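Any read-out appearing in this document is the output of simple, stated calculations on the displayed coordinates, not a laboratory observation. On a predicted model such as this, the values are computed, not experimentally measured, just so you know. Heads up, the Cβs are rebuilt from the backbone with ideal geometry, glycines too, and the neighbour counts pull from every protein chain shown.
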Amino acid sequence: MTPDLMAVQGVAVVLFCLGIAVAMTRRNIFFILMGVELAINAANLSFIGFSRTLPAAMSLTGQVVPLFAIAVAAAEACVGLAMVILIYRARESLDSESFANLKE
Amino acid sequence: MISIIYFSLFASIAMGCGLYLLIAKHPLYGALALIGNMISLAGIYSLLSAPFLGVVQILTYAGAIMMLVVFVIMVLNTAHDHEVPRFDWRGVYLVPVPAALALLLLALVYFNSPVADATALRGTAQNISQFMFDTSRTDNGYWILFEFIGLLLLGAMVSAVLIAKKRLSTHKEDV
Amino acid sequence: MYPIASYLWLIPALPLAGAILLGIISQLYARRDFGPSERSMGILAVAFPALAFAVTVFFATRFPLGESLRSVIAPWIVIDQVSVSFGFLFDDLSRIMLLFITGIGALITLYSVGYMHGDRGFVRFMAYMNLFLFSMITLVLSDNLVLTFLGWEGVGLCSYLLIGFWHSDPANGAAANKAFLVNRAGDLGFLLGIFALITLAGPSGISFPELKAWLLDPENSSLIQGPGQLLILLATFFLFWGCTAKSAQIPLLTWLPDAMAGPTPVSALIHAATMVTSGVYLLARLSDLFVLSPIVMGMIAVIGLGTAMWAAVAGIFQDDIKKVLAYSTVSQLGFMFLAAGCGAFDAAIFHVFTHAFFKAALFLGAGSVIHALAGEQDLRRMGGLVKSLPITFIILASGWIAIIGIPGTAGFWSKDLILERVYVSGPMGPVLYFAALATAILTALYMTRMMVLAFAGSFRGSHHTKDHAHESPLSMRIPMLVLAAGSLLAGFVWAGLIPGLDIFGRALAPIVGNAQHLFHPAEHHGPSAWIFAAAGTAAAVVGAISGWITYIRRIPSLLGAPGPHGLAKRWTLAFDSLHFVFAILPTRVAAWISDVLVQRTFEGLQILAGFFVLDSASVIRKLQVSSLRLQLGLTLGLGLLISILILERIS
């Protein structure tokens, strides 16, 4: 007996929006990173929820994609944190507003 | 029945932790909330017959990645953290975007409500590895993608080392 | 099997413990201004080799000749093709080798306590000496080729560490590198030899007793005589190639003269008495294999003779007292290989044994001279030292009469035996014999030259060094005297003049006798032994007298750089030039190609790709807004828009 797939998708949507909201409203650079992580997790949950709707061996496709997503997230966190360290050294601050120089 | 109870427990923990991440004061608290969220998500994965992913979630996500995040937070932990305002109220103008996204997605899911297929396989380590690497069962498998992910991780590691390396010769003004 | 055999590991373990202990102590004092007390460290450094010698003597005297002990400590590499274990084999060959390795090793460690007095690296030096003894004991005590190879590499490492011991001088470091690299070239041969043996004999190709049994097994004779011939040829050739590097034979001999950059006790222990003879040991240990390949045996004999002659001539040209002894070592090793190549493995091992005594005595005596003259090694600046250094003179003189082969001394017995065996070895025997006899004359010539230049005439160095000249301390004199006595008396263990003492030949019979019998099925009868003895003595006397007459009057010119000039220099460095043309130059060309052509090309491609990315990024950057989160929101909005459009199209 698996949980209601509709409810799973609902939880995934809520978590995704929370993650996006964290990433967009918080000023601390760590919260932006963690908000993105939360959104990725929500997407993974959605994948796994949908994987239950596919027949037989096809259903595992929905579980392999999150597996790769986790690996990519690891790479992302690795590079992202390295950049945080680099920027922190230059600006002595964790405020994302002080990094607002993407353009120049 | 018991799975429904577990699911509601895990789901409420996950959403609670996500909410706390939004309002947390210190990044360390936020990171701990995120770890709680991931562990409960791992529980949900297991309930959805994906035990292997649940384990990977705990090992890799909650274990390795979040450990790295916590480590860096503690390394860069300075008194300045409290001076940074928690929210940027200009961001409120952007909230309609995720809200619209949420509405769209929920509507989509509601009108094409997912139906569970009884023949769906359980995602054990054996099934998943066969699915990924046994080319006699699946057409192409995921060999190439797997190798690329490995290369990506290697590249990420090398670039992280290069980025975070202290350049002794450059001055602060030059960066 | 005696249960006591399971304690064989004590022999290598004792010097290893010493090496570890002294290494830790030397590290503890590495950052301090003062070292630990030399007296206590010296006692510690000598105690471990001395204990190993005591254990060896215990084992050696407890079991009768012909008895062999084998003890397997633990399995090491266990795979389908081959299984290797940490096993020790204590038979008569390793008994002889171990006795003089640990004995002379302990004596030379004692000597170096005096020689290295006041050196900042005293403890480090002692740690290296102990580590060397451990490796050397492993080499001769192991019961299989792979563990022998481990010891083989270990002695090479210690040789490298000790040649470069005074590493503040770049020349010493270069000499150490040279020794290490040339030895690696030989190790390649050793490894290929092991692989060839495994291919030939399978799992029984690794352990010495099993290999011997396999070779003697009648079931395998058809394989050995037939399709296995090529593999046997390859295995013996490759193993001999390994031996040429370790034992400084043509063509891999250039490292040994350069190795004299190390402290003199090192030259005595490693580069004269023990390590360089391990090639001869390996030939004797695998004698059953080598006799199956007459081509390689002939090659060994010819290369040994060639090395002996070339090095003897080169020895005449040297001005550095240690270089003379180095070329003399190369020459004597050539004699050993000549004997082994003629099938006289027992004579070769006997010469290893006697040579260890007299060459160690000669080197330690030379070290005593250098010590007395405050580091002066140039023979041209010596002379007349017999008055100021009488004890050193006695020691060097006993080594001298031993190496040139004056009757009764150790060198006489072993060299005479080799010459006699060479003569009767086959149709080519007399030719080899007369060439070897000529080399013996040359040996007497250059050794006499060294003695005359150092001790006869009047002193040619500065007055300061003359006043400084003094006899060595007691810790140096005792080992030298023991070794000098050994170089006079060690020959009697074969001579048969004293009944019951001629144990050497009988001890080696079970190990190499079968091989020698295979190699000479019919007993050749040459002239009487007295004629050989007379010829050998005549060679020694002729060489010594002509050396005396030539060099007693000629006062060497002090002008110019030390070392040979002109043709003599070209002769001395002949093999260095060959190495340069055949090994170093091609390597440099390959390095140039890979650096300039390959590396630079790829670098250019990388720089090109980098420029492309930077240029395109500067265009794309114009499209962005400055705030991070605004950028994120806009991206999401665009994603939302696109997904709505797509969904509209689908539905």
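Details
- For residue C:69, distant residues with modelled amide H under 5 Å away: C:90, C:91
- Most mobile of B:75, B:158, B:55 in a GNM of chain B (Cα contacts under 10 Å): B:158
- Coarse-grained scattering of chain C at q = 0.06, 0.11, 0.12 Å⁻¹, given as base-10 log I(q)/I(0) from a Debye sum over alpha-carbon atoms: -0.38, -1.07, -1.28
- Of B:44, B:144, B:58, the one that fluctuates the most in a GNM where chain B has Cα springs shorter than 10 Å: B:144
- The stretch C:440-458 and the stretch C:311-380: distance between their alpha carbon centers, rounded to Å: 13
- Sorted by Cβ neighbour density within 10 Å, fewest at the top, the residues C:62, A:27: C:62, A:27
- Dipole of chain C, positive direction: furthest Cα of C:283, C:457, C:121, with charges on the beta-carbon: C:457
- Packing-based ranking, highest mean first, of C:275-284, C:19-28 given that Cβ atoms within 10 Å are counted: C:275-284, C:19-28
- Residues with amide H under 5 Å from that of residue C:84, placed H, sequence gap 5 or more: C:76, C:77, C:78, C:79
- Fewest-first ranking of C:255, C:592, C:310, C:548, using other Cβ atoms within 10 Å as the exposure measure: C:592, C:548, C:310, C:255
- Table column - 3J(HN,Hα) (Hz), the stretch C:363-371, Karplus curve with 6.51, -1.76, 1.60, x for Gly and Pro: 5, 5, x, 4, x, 5, 4, 4, 4
- Stretching the chain fully between residue C:299 and residue C:514 yields a gain of 75.3 nm (0.36 nm per residue, less the alpha carbon separation).
- Straight-line reach from residue B:165: taking Cα to Cα under 29 Å and skipping same-chain neighbours fewer than 8 places apart, the lysines in range are A:103, C:622.
- The three principal axes of the C-alpha atoms in the stretch C:293-572 carry coordinate ranges of 64, 44, 29 Å, sorted with the longest axis first.
- Student exercise, chain C dipole from Lys, Arg, Asp, Glu Cβ charges, in Debye to nearest 20: 1620
- Unit charges at the beta carbon, dipole of the stretch C:293-572: most positive-side option, C:350, C:494, C:564: C:564
- Relative contact order, percent, the stretch C:293-572 [alpha-carbon distance under 8 Å, six or more residues apart]: 27
- Listed pairs C:178/C:415; C:466/C:569; C:387/C:569; C:359/C:569; C:178/C:246; C:212/C:359 exceeding 23 Å between Cα atoms: C:178/C:415; C:466/C:569; C:387/C:569; C:359/C:569; C:212/C:359
- Summing Cβ point charges (Lys, Arg +1; Asp, Glu -1) relative to the Cα centre of the protein assembly as shown gives a dipole of roughly 1880 debye.
- Volume per residue that the Cα convex hull of the stretch A:3-99 spans, once the total is divided by residue count, Å³: 75
- Degrees, to the nearest 10: B:96-111 long Cα axis against longest axis of chain B: 0
- Cα radius of gyration and Dmax for the stretch C:362-502 (Å): 17.8, 59
- Note on chain B: GNM, Cα springs under 10 Å; of B:152, B:48, B:19, the largest mean-square fluctuation is that of B:152.
- With Cα atoms defining each centre, the stretch C:606-635 and the stretch C:37-112 are spaced 70 Å apart in the structure.
- In plain terms, the residue of C:184, B:86 with the fewest other Cβ atoms within 10 Å comes first and the most crowded comes last, giving C:184, B:86.
- Cα gyration tensor, chain B - rounded (a/c under 1.5), prolate or oblate: oblate
- If the convex hull is drawn through the Cα atoms of the protein assembly as shown, its volume per residue in Å³: 254
- Label-point gap, in nm, between residue C:221 and residue B:152 - each point 7 angstrom along Cα→Cβ: 7.0
- With a 10 Å cut-off around each Cβ of A:69-76, the average count of Cβ atoms from other chains is 6.
- Each Cα pair under 8 Å and six or more residues apart adds its sequence gap; the mean of these over the residue count of the stretch A:3-99 is a relative contact order of 27 percent.
- Positive-end residue, the stretch C:579-650 charge dipole about Cα centroid, Cβ charges, pick of C:583, C:617, C:634: C:634
- The relative contact order of chain C, computed from alpha carbon pairs under 8 Å that lie at least 6 residues apart in sequence, is 12 percent.
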